[in-house]
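Have a look at the structure below, then the notes.
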Amino acid sequence: MAAPHVTEAFFIGGDIGRVRDHSTKAVVAQQWVTPDPRHLDPTEFIRTFMVVDLKRYPLMTPYGEVAQDIADTYNHPDMLLAKARYVILDHTGVGAPVVETVRNLQVPVIGINITDGNMVTQMSEGAGFNVPKPALVTTLVGLQQSGRLKILDDIEAAMEFKEELSHFSYHTDRARGTTSYGTDEPSAHDDLVIAVALALWYAERLPREYGEETRSRVVETYNPFRDM
């Protein structure tokens, strides 16, 4: 028997591609699981994340279509099953106007400006942060290595995501004292990894809540976007 899961929140991450890059979308469910389905003591639950939807848009997909799809995902009826939902989008370069387009569709967005720096800072204007790429990736890798990150195998782009992650590595420049993250193959993509990493980075920043209201809605894991 599978352990029960509580989907407390959904996090929609989006990496906005340039002319020769794909834009991507990831939906991550924050869940509380217990190793023993017979007990619902909240002190025994573990906070985990499940990637329940992944999408790589075709090259040259208009940014307006990407923005509308993200808004449609946010407003999907199944998203309302959780207590909260968040959209976290790449605000770097061409991502900035996409963030504004999604906001104009009445969807609140956390913008993330991906930097080469070493510190996380809050944007001077608007809801968002300046976040070094290593901070994004280490959050994802740490959750995966601890067993707190899972991905449904039957969703779109699941295999591509795993392939990307297998080529993702970090490189340390000892002379400059900096660490960079990226693919170890020039032709490999990292857009799906970044979309998931954006969602997870923000999810890990939020306070962890688990109350009676959530505890009363224990359900089995499923993919709410399978029929979209």
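Throughout, read-outs are computed from the coordinates displayed, never taken from laboratory work. Keep in mind the model is a prediction, meaning the values are calculated, not measured. Virtual Cβ from ideal backbone geometry, glycine too; neighbours counted across all protein chains shown.
What residues have an amide H closer than 5 Å to that of residue 49, excluding those fewer than 5 places away on the same chain, when H is modeled at 1.01 Å from N in the peptide plane?
31, 149, 150
When the Karplus curve 6.51 cos²θ - 1.76 cosθ + 1.60 is applied with θ = phi - 60°, which whole-Hz ³J(HN,Hα) does each residue of region 155-165 get, with x for Gly and Pro?
8, 4, 6, 4, 5, 5, 4, 5, 5, 4, 5
Return the sequence-ordered ³J(HN,Hα) values of region 99-115 in whole Hz as given by the Karplus equation 6.51 cos²θ - 1.76 cosθ + 1.60 applied to θ = phi - 60°, using x for Gly and Pro.
4, 5, 5, 5, 4, 5, 8, 6, 10, x, 10, 9, x, 10, 8, 7, 10
Any idea which of 52, 63, 141 is furthest toward the positive side of the dipole for region 22-148, if Lys and Arg beta-carbons carry +1 and Asp and Glu beta-carbons -1?
141
Taking amide H positions as placed in the peptide plane 1.01 Å from N, state which residues far from residue 123 in sequence (5 or more) or on other chains have amide H under 5 Å from it.
128, 129, 130
Quick check on the exposure proxy: order 141, 28, 102 from fewest to most C-beta atoms within 10 angstrom.
Ordered from fewest to most neighbouring Cβ atoms within 10 Å, 141, 28, 102 come out as 141, 102, 28.
Given H placed 1.01 Å from N in the peptide plane, which residues other than close sequence neighbours of residue 87 have an amide H under 5 Å from its amide H?
12, 110
If packing is taken as the average number of other Cβ atoms within 10 Å across a peptide's residues, how do 9-22, 69-82 rank, most packed first?
9-22, 69-82
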